[in-house]
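This report refers to the structure that appears directly beneath it.
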Amino acid sequence: MRLETVTFENDAWSRAMMLGDLSQGYCHYLVAFRPGDDDAAELSGYAGLMSARGASDADIQTIAVAPDARRQGLGRLMMEALIAEAVSRGARRLFLEVRADNPGAQTLYDDLGFAPIGVRRGYYQPDDVDAVVMRLDLPAGGAA
Ligand SMILES: CC(C)(COP(=O)(O)OP(=O)(O)OC[C@H]1O[C@@H](n2cnc3c(N)ncnc32)[C@H](O)[C@@H]1OP(=O)(O)O)[C@@H](O)C(=O)NCCC(=O)NCCS
């Protein structure tokens, strides 16, 4: 929650929302922490997937990397792991929303093969910022 609130200043998830996601079997979350930080007291990052087994559509729920850990490949690594997890759960399409004023994240998603498919006007409140909806078509993977 500490990383969540410093990362998403005006639209951070509440603790209840985060706990709700973490407790769902159809969600899959990763956390990253530095080697030796066995208590994971300070997370370097986290990322979450919603993908019900057997469902064809899945969603990237969130991703955050701590400011001092950015541009070292962690965001890409977590996204690749979530994409692989979605494939293994049988998803064929992966969706995400990203703030229209966040070109860095859009570049990462574009590099991973996500394509913009639409805009949700004013999706992020109270900032009144649009969301760009992006989609990645996944290969059939099944139990791969
Ligand atoms: C977006 C975010 C998760 C990226 O994490 P990261 O660990 O820094 O990303 P990576 O180091 O794996 O970057 C992979 C590539 O994405 C692109 N990229 C990432 N951040 C970028 C930035 N700020 N500006 C431009 N390109 C960027 C680059 O192409 C980068 O490759 P390069 O470093 O070789 O040029 C991180 O900046 C973050 O947590 N931002 C705040 C929260 C956020 O915006 N979350 C996304 C919500 S949709």
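The values are calculated or read from the model by the stated rules, or taken from the named source; none is laboratory data. Note that the coordinates shown come from a computational prediction; the quantities given were computed from them, not determined experimentally. When we count neighbours, we look across all protein chains shown, and the Cβ atoms used for this are built from the backbone with ideal geometry, even at glycine. Quick note on the areas: whole protein, heavy atoms, side chains included, nothing else; ligands and nucleic acids left out. Shrake-Rupley method; radii C 1.70, N 1.55, O 1.52, S 1.80 Å.
Summary of computed values
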| quantity | calculated |
| --- | --- |
| Hits in the range 18-33 - residues which are without any contact (Cβ under 8 Å) to a residue 12 or more places away in the chain and either among the aromatic types (Phe, Trp, Tyr) or within 15 Å of the ligand (Cβ to nearest atom) (or both) | Phe33 |
| Hits in the range 37-62 - residues which are in a loop (DSSP other than H, G, I, E, B) and touching a residue at least 24 places away in the same chain (Cβ under 8 Å) | Glu42, Leu43, Ser44, Ser51, Ala52, Arg53, Gly54, Ala55, Ser56 |
| Selection status of Ser51, more than 12 Å from the ligand (Cβ to nearest atom), among the hydroxyl-bearing types (Ser, Thr, Tyr) and within 17 Å of Met134 (Cβ to Cβ) | yes |
| Residue in the range 64-78 that is buried (at least 19 other Cβ atoms within 10 Å of the Cβ) and away from the ligand (no atom under 11 Å from the Cβ) present | no |
| Flag for Ser23 being farther than 17 Å from Leu138 by Cα, surrounded by fewer than 15 Cβ atoms within 10 Å (Cβ to Cβ), out of contact with any His (no Cβ under 7 Å at 6 or more places or on another chain) and of a type in the set (Gly, Ala, Ser) | yes |
| Total residues in the range 32-63, condition open to solvent by 60 Å² or more (accessible area, probe 1.4 Å), aromatic (Phe, Trp, Tyr) and at pLDDT 95 or above | 0 |
| Selection count where residues are part of a loop (DSSP other than H, G, I, E, B), open to solvent by less than 50 Å² (accessible area, probe 1.4 Å) and within 11 Å of the ligand (Cβ to nearest atom), scope the range 84-102 | 0 |
| Filtered residue count, the range 108-122, keeping only those that are surrounded by 12 or more Cβ atoms within 10 Å (Cβ to Cβ) and not in a strand (DSSP E or B) | 6 |
